[in-house]
Amino acid sequence: MITRVIVQNYRCLRHLDFVPLDGMNIVVGDNEAGKSTLLEALGLVLTGRVNGRRPGEEINPFWFNTEAVAEYFTAIAGGDKLEPPQILIEVYFAKDDQPQTLRGKVNSRHEDCPGLRLVIELDPDFEPEFDQYLRSSHPPVLPAEYFRARWLDFRELQLQRRPPEFGVAFIDGRTVRSSSGVDNHTRQMLADAVDKRDGAAISVAFRQSRHELTQSVLAGVNQKIRTMTQGLLTGQIELHLDQSASSGWEAAVIPQVGSVPFAMAGQGQQVIMKTALALQATSGKTSFVLVEEPENHLSHTGLMSVIASIEKLAGGRQTFVVTHSSYVMNRLGLDRIHLMHQGKVKEFRGLDAETVSYFKKQSGYDTLRVVLARKVVIVEGPSDEMIFNRAYKDQTGQDPVDDGIDVLTYGTQNRRPLELCHLLDRRVAILRDVDKRTPQHWKDQAKPYLEDGVREMFVGDPGEGSTLEPQLVSANNADLATLGTIVGCPDGEDLTDHLTDNKTESAWRIATSARQIKYPGYITKAITFIRK
Amino acid sequence: MPEVSGWFSFLLNHVVRPYLPDVYPGRSVTGLHWVEGADPARFARGADRYIDPEGRVYSHRLGKLAYDIAIASHGAVVDRLERIFDEIYIDEVQDLTGNDLGVLELMLRSKMNITLVGDVRQSVFSTSRSDTKNKKYQGMNKVEWFREMERKTLCLIEYRTATWRCTQEIIDFADSVVPVRFSLPNTTSHQSVRTGHDGVFVVTWDHVPEYLEKFSPEVLRDKSTSKIHEGCTATNFGQAKGITVERVLIYPTKPIEAFLLTGALLADTSAARLYVAVTRAKHSVAFVVSDSSHHLLPRWTP
């Protein structure tokens, strides 16, 4: 089990200290928060490969954190003597985990456990060239050519290959449309899925069949070529199939579903196939499953089946899922979330087990918005949302989203999202109708999750109406004609009745009208509060 | 999968590398710096006494570094080994010395099954010449260390007293080279082939060419500066360790010649070197002497 991941100076991850859970881990965050980079770093340090090659052959200047590089160059320009930035990726395993040969204390935390680290640093052999580079006029990037990558265990001993004790399956939502048929991750999983003996048998038979092809059909073709080229060349040109070891069966054998080759399969099907392969490839090993945005290219039913497979995969395996989908998040368990923001991971634990299972059932809930928003306003319905947004614009000249405020509609069932906000320590304003109770009744009910100045509830004054519509009428008592015109209330009809009968339509008219109305006190108070 | 490695690599990879930060944080180890002769870090202090600027550990202080780390790790070194190995076999254990013995004792105290194999009478090499810890157990005295471990009930000693190589005459002679104070049991030969020239002999200097011609023995000498016949190729005692030949011809040192003549006890190291030289041969051992008349050993003449 991976107990910790430390990443330094790798792409957008300047200092990352990530403590995953056993079993399922879900990493969520805004775009550019570093979620995929985290997964990439994990894959890199666990397999010692990137795109199927050793990292040393793939180092490029953009692997280095731009901030760290900029700071370095500034310091150097200022005359400081400084070591160039290093990329460090470390995985720590539980102390008792196999293989114990990887165990030692040579890691940035001096922790005694098995582990792997990837260090990308200035190659001492290139120090003179690097100094020369610094003195010359150079682009604001590090010359990757002078850097070396060392893949080490926690004894600082270099590894040549991935320890056989563990398997890594990388399932990404990216799809293949190339003629080569299968991407590297899938190819690796394919090779892992076939055991050694079967692999050898396939390899021998594959070579045999190619030999036969050369002997039969190609023999005729070669005869023709010979007559055609006679006298032109001293040697002979013949066509042969490649018999070298590198042209192994793995390159020619591809998975196929329902007689459709992998690359030709639908994008969703490719993801499903990869998941199925991973299930096979990592069976019986201490293994890690990395899943990147499983929701990509999948229909809702496709996603449901992939998530079911991922859950099955996770049984006993430590799994890391990066997602943008609330469905994936709800389904796999809200208590398994790691929140990434600007290259850092934030944990939140202690979510009530009942709430977790509630969201598993109600997987359509847009929990991701709650998780990602900086400030949240929870309202009851679509009409409340439209009125709130317009009131906000009228009061502040901006849209809520401009201030990082997400307005969410949760009906009257606001307890669960509120609990989530409480654990995430989000700033929240909850707006609700007083209905047939007192404001205090509702506040008392939500008490465990409220906190003055952080999470407050705003309930309409009972004297001004039990729902939004009578509240609007009370607020605009001084100029009911304007409100009536905006919502198109026919002459003679009671304005409150009209609003109540045409809730959403009226709210939409108010929200899009060129004219402004007055808003109930609890709404304006909520706006003032959430802007603080 | 069993792992096979030399003692130095074992100490480096399983003791020093994993827990070096416990003793010298910030230093790293890249390999071994073989030290033979002068001490390159004689006046160095701290980590520099053990590790050269390129990160290589000086071989003669590797045992001390390993032992210091094993102690500083508060049991982590042994715990780690126990989780990797069920059994450890160490061959030529008589060559371990000084602080190596400290590491070895920690291993004997662990849950692992440790099997040590060696012959103290062949103590001609050691992992460090300068390690002064456990000085009283140097060379053949190592047998007393094993006996000490047995008294502490950390191990059981089993004496193997049979040889399938040397004839009884040769092995009896070899046993007589070893000082009696070590109370090592006598050896029994299972070599039954007779060749017509079997046992231990003396050959005078002028008969050597004929002896070489007739028997083609492996020629052994103490060191490359020892005087031998011109045109004759010889192997030093130390280098002969581990080989098996039909016959050997030995150019004795002064003390060896004295031992042959009077039975005067050899120093431990000399005894060990002679023991190794003699026990290379299956059938015959001949010593080159200037005058064979006073020797008790049978003399060979053409």
Within the stretch A:1-33, backbone nitrogen closer than 14 Å to the virtual label 7 Å beyond the Cα of A:S108 toward Cβ: A:4-19
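Give the Rg/Rh ratio for the stretch A:35-158, taking Rg as the radius of gyration of the Cα atoms and Rh as the Kirkwood radius, to two decimals.
Ratio of gyration radius to Kirkwood radius for the stretch A:35-158: 1.02.
Evaluate E = 1/(1 + (r/R0)^6) for A:K361 and B:K152, where r is the Cβ-Cβ distance and R0 equals 60 Å; express this FRET efficiency to the nearest 0.05.
Working: r = 65 Å, r/R0 = 1.09.
The formula returns an efficiency of 0.40 here.
Would you mind working out the magnitude of the charge dipole of the stretch A:373-531 relative to its Cα centre, with +1 at each Lys and Arg C-beta and -1 at each Asp and Glu C-beta, to the nearest 20 Debye?
Values: 20 positive and 26 negative charges, 129 e Å.
Roughly 620 debye, rounded to the nearest 20.
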In nm, spacing of pseudo-spin labels at A:A70 and B:S5 (7 Å Cα→C-beta vector): 4.5
Derived scalar couplings ³J(HN,Hα) [the stretch A:363-372; Karplus, 6.51 cos²θ - 1.76 cosθ + 1.60; whole Hz; x for Gly, Pro]: 5, x, 4, 7, 5, 4, 5, 4, 5, 8
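Assuming R0 = 45 Å, what is the FRET efficiency of B:E213 and A:E212, from their Cβ-Cβ distance, to the nearest 0.05?
On the way: r = 65 Å, r/R0 = 1.44.
So the FRET efficiency works out to roughly 0.10.
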Residues whose placed amide H lies under 5 Å from that of A:R11, excluding near-sequence neighbours: A:F64, A:N65
Subset of A:K346/A:K443; A:K105/A:K196; A:K443/A:K525; B:K214/B:K241; A:K312/A:K344; A:K443/A:K532 violating a 27 Å alpha-carbon distance limit: A:K346/A:K443; A:K105/A:K196; A:K312/A:K344
Helix B:268-278 vs. chain B, principal-axis angle (Cα, 0 to 90°, nearest 10): 60
Cα gyration tensor shape of the stretch A:9-71, rounded if a/c is under 1.5, else prolate or oblate by comparing a/b with b/c: oblate
Enclosed volume per residue, in Å³, of the convex hull spanned by Cα atoms of chain A: 259
From phi via Karplus (6.51, -1.76, 1.60), per-residue ³J(HN,Hα) for the stretch B:14-24 in Hz, x at Gly/Pro: 10, 10, 6, 4, x, 10, 3, x, 5, 10, 10
List B:I51, A:I225, ordered by accessible area with a 1.4 Å probe, largest first: A:I225, B:I51
Label-to-label distance, nm, for residues given as A:R349 and B:R160 (7 Å Cα→Cβ offset): 5.5
Probe 1.4 Å - accessible area at B:F201, Å² to nearest ten: 30
5 angstrom amide H check on A:V27, placed H, neighbours 5+ away: A:V321, A:V322, A:T323, A:H338
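Would you calculate a helix-derived [θ] at 222 nm for chain A, using -39,500 (n - 2.57) for each DSSP H run of n ≥ 4 and dividing by the full residue count, to the nearest 500? It would help to have the intermediate numbers written out before the result.
Details: 21 runs with 213 residues, N = 532.
Dividing the helical sum by the residues of chain A leaves -12000 deg cm²/dmol.
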Phi-based couplings in Hz for the stretch B:188-193 (Karplus 6.51, -1.76, 1.60; Gly and Pro marked x): 10, 8, 10, 7, 9, 6
Geometric extent, Cα atoms of the stretch A:373-531 - Rg, Dmax (angstrom): 15.4, 51
C-alpha long axis of helix B:99-108 to longest principal axis of chain B, angle in °: 70
Global geometry of the stretch A:354-442, whether rounded, prolate or oblate, following the gyration tensor of its Cα atoms and the 1.5 cut on a/c: oblate
Relative contact order for chain B, counting Cα pairs under 8 Å that sit 6 or more residues apart, in percent: 15
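Calculate, in nm to one decimal, what A:Q236 and A:A205 gain on full extension: separation in residues at 0.36 nm each, minus their alpha carbon distance.
On the way: separation 31, 0.36 × 31 = 11.16 nm, distance 2.85 nm.
Additional length available on full extension: 8.3 nm.
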Computed label-point distance, nm, for sites B:T235 and A:Q413 using a 7 Å Cα→Cβ extension: 8.7
Taking the stretch A:373-531 and dividing mean pair separation by its residue count, relative contact order in percent (alpha carbons under 8 Å, at least six apart): 28
Residues A:D444 and A:E493, FRET efficiency given R0 of 35 Å [Cβ-Cβ distance, rounded to 0.05]: 0.40
Cα gyration tensor category, rounded, prolate or oblate, for the stretch A:340-384 with a/c compared to 1.5: oblate
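Send over the Kirkwood Rh of chain B, from the inverse of the averaged 1/r over different Cα pairs, rounded to one decimal Å.
Numbers: mean 1/r = 0.0467 Å⁻¹.
Its Kirkwood hydrodynamic radius stands at 21.4 Å.
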A:F147 long-range amide H proximity, modeled H, under 5 Å: A:D123
Mean Kyte hydropathy of -0.5 or more with a Cα span along the axis of at least 20 Å, helices from DSSP in chain A: A:267-281, A:300-314
Acute angle (nearest 10 degrees) that the helix B:168-177 long axis makes with the longest principal axis of chain B, alpha-carbon atoms: 60
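What number, in percent, do you get for the relative contact order of chain A if the mean sequence gap of Cα pairs under 8 Å and at least 6 apart is divided by its residue count?
14
What's the extension gain from B:S290 to B:E246 if we count 0.36 nm per residue and subtract their Cα-Cα distance?
Numbers: separation 44, 0.36 × 44 = 15.84 nm, distance 2.42 nm.
Taking B:S290 through B:E246 to full extension adds about 13.4 nm, to one decimal.
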Length added when fully stretched, A:V141-A:A94, from 0.36 nm per residue minus Cα-Cα: 13.2 nm
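The values are calculated or read from the model by the stated rules, or taken from the named source; none is laboratory data. Just so you know, these numbers come straight off a predicted model, no measurement behind them. Ideal geometry is used to build each Cβ from the backbone, glycine not excepted, and the neighbour counts take in all protein chains shown. Calculation scope for accessible area: heavy atoms of the full protein, side chains included, ligands and nucleic acids excluded. Shrake-Rupley method; radii C 1.70, N 1.55, O 1.52, S 1.80 Å.
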